[in-house]
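> Have a look at the structure that comes next, please.
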Amino acid sequence: MSYNNFGKLFRFTTWGESHGPAIGCVVDGVPPKIPLEEQDIQKYLDRRRPGQSKHTSQRQEPDRAQIMSGVFEGLTTGHPISILIKNEDQRSKDYDEIKDKYRPGHADITYDAKYGIRDYRGGGRASARETAARVAAGAIARKILGKGVTIRAAMVQMGHHKIDRQRFNWAEVARNPLACPDAVAAEGWAAALDKVRRDGNSLGAIVEIEATGVPVGLGAPHYAKLDQDIASAMMSIHAVKGVEIGAGFGVAELLGSENADEIRRGKKGAPKFLSNNAGGILGGISTGQPVVVRIAVKPASSILTPRQTIDREGQETDIITKGRHDPCIGIRAAPVAEAMLACVLADHLLLDKAQCG
């Protein structure tokens, strides 16, 4: 299988399967002498880790990050950094009954068509388990970006349930198990998700990601646009079916006079934008405003509601996917989306320094 890596100067390759002995990543292109220890990675893995509430998969994985190379005496060496994350709570027997059936909404049928072989135990590489390795890579990317860049994500819609933007509070994201920035909405969401879970079903979501402190000038015109690479990164995340930046699809409803982010003279003569419909990117290059991205995450396809499908012999059958699955993928997609945005920004920071000094 090709294309297991991402990035240009800051690059990472993920490896491993959902029910194998371990997963991990190899991160290359990291400058030397950056302080890095396992806890720098662990704090982000802990946010993505399953089994932390009844609203996520009950698979109990400690997701402990082990740095295997590329760090000496607490500093990066400039050589590849290898991260190992052991799988400790696989239940492959949950998939024995469906090993010859294709799960609707999953990559089973396409993997089999392309490769002639697939890992039915949780989907193998197609499993969202792989995203733990991305979060590890993203933690290293944040070290390159430095403390001046802040990246955070929140679930702003779950199914038909939306937040009230007037109550948007980033501090609330850590205070509830739904990564919701609206304390009032979070209470109603919890009840709605409980019902969906008991019914053996799932819900989709929209996750909003924001990066502040992004330097001006990241990205390049035409074929290395910052928003182009962000969109690619977000679409590479399991279950993501849509990406928008800034006002996104909402620009279709605006007049040109409304959409253009007007500019005035700011502090010390720096430009001051009066709005941010562009999401912090103009002509593929960062403006210094917050980079704002939203992703649409589909409802989990592994559900207890019977679905129609076929088996490997082409025979029609029904399927129920047992096991431990997320009733709303958006909750744990938030730290993954943060990680992918961090990786893109770190990559473009290094590219900018290489070209512009």
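The values are calculated or read from the model by the stated rules, or taken from the named source; none is laboratory data. Only a predicted model underlies this, so the values are computations on that prediction, with no experimental measurement involved. Here Cβ is always computed from backbone atoms with ideal geometry, including for glycine, and neighbour counts include all displayed protein chains. Just so you know, the surface numbers come from the protein's heavy atoms only, side chains and all, with ligands and any DNA or RNA stripped out. Shrake-Rupley method; radii C 1.70, N 1.55, O 1.52, S 1.80 Å.
> Would you compute, from DSSP H runs of 4+ residues alone, the mean residue ellipticity of the chain at 222 nm, taking -39500 (n - 2.57) per run and dividing by the full residue count, rounded to the nearest 500? Spell out each step's value before the answer.
Details: 7 runs with 91 residues, N = 357.
About -8000 deg cm²/dmol.
> Now a separate question. Applying 1/(1 + (r/R0)^6) with R0 = 25 Å to the Cβ-Cβ distance of Ala113 and Asp46, what FRET efficiency is obtained, to the nearest 0.05?
0.10
> Sequence neighbours fewer than 8 away in the same chain don't count; with that in mind, list the aspartates and glutamates whose C-alpha is under 14 Å from Lys298.
Reachable aspartates and glutamates: Asp326.
> A further question follows. For region 114-157 and region 256-334, what is the centre-to-centre distance using only Cα atoms, to the nearest Å?
14 Å
> Can you tell me how region 172-230 classifies by the Cα gyration tensor, rounded, prolate or oblate, using a/c under 1.5 as the rounded cut?
On the way: a/c = 5.72, a/b = 2.20, b/c = 2.60.
It is oblate, given that a/c is not under 1.5 and a/b is not larger than b/c.
> Taking all protein chains as present, what is the carbon and sulfur share of the accessible area of the chain, in % to the nearest whole number, probe 1.4 Å?
Ligands and nucleic acids excluded, carbon and sulfur reach 52 percent.
> In addition: May I ask you to list the GluC sites (Glu not before Pro) in region 92-198 that are in a DSSP loop and have at most 12 other Cβ atoms within 10 Å of their Cβ?
Answer by residue number: there is no such site.
> Let me ask you something else. Report the Cα-based extents of region 234-357 along its three principal axes, largest first, to the nearest Å.
68, 38, 25
> Follow-up. Leaving out ligands and nucleic acids, and using a 1.4 Å probe, what accessible area per residue does region 288-357 come to in Å²?
Accessible surface, normalised per residue, equals 42 Å².
> Using the heavy atoms of the protein chains and a 1.4 angstrom probe, tell me the accessible area per residue for region 62-184 in square angstrom.
Using a 1.4 Å probe on heavy atoms only, each residue of region 62-184 averages 49 Å².
> Let me ask something else. Which pairs, out of Lys8/Lys143; Lys8/Lys267; Lys8/Lys114; Lys99/Lys195; Lys33/Lys147, put more than 23 Å between their alpha-carbon atoms?
Working: Lys8/Lys143 17 Å; Lys8/Lys267 35 Å; Lys8/Lys114 27 Å; Lys99/Lys195 29 Å; Lys33/Lys147 16 Å.
Check vs 23 Å cut-off fails for Lys8/Lys267; Lys8/Lys114; Lys99/Lys195.
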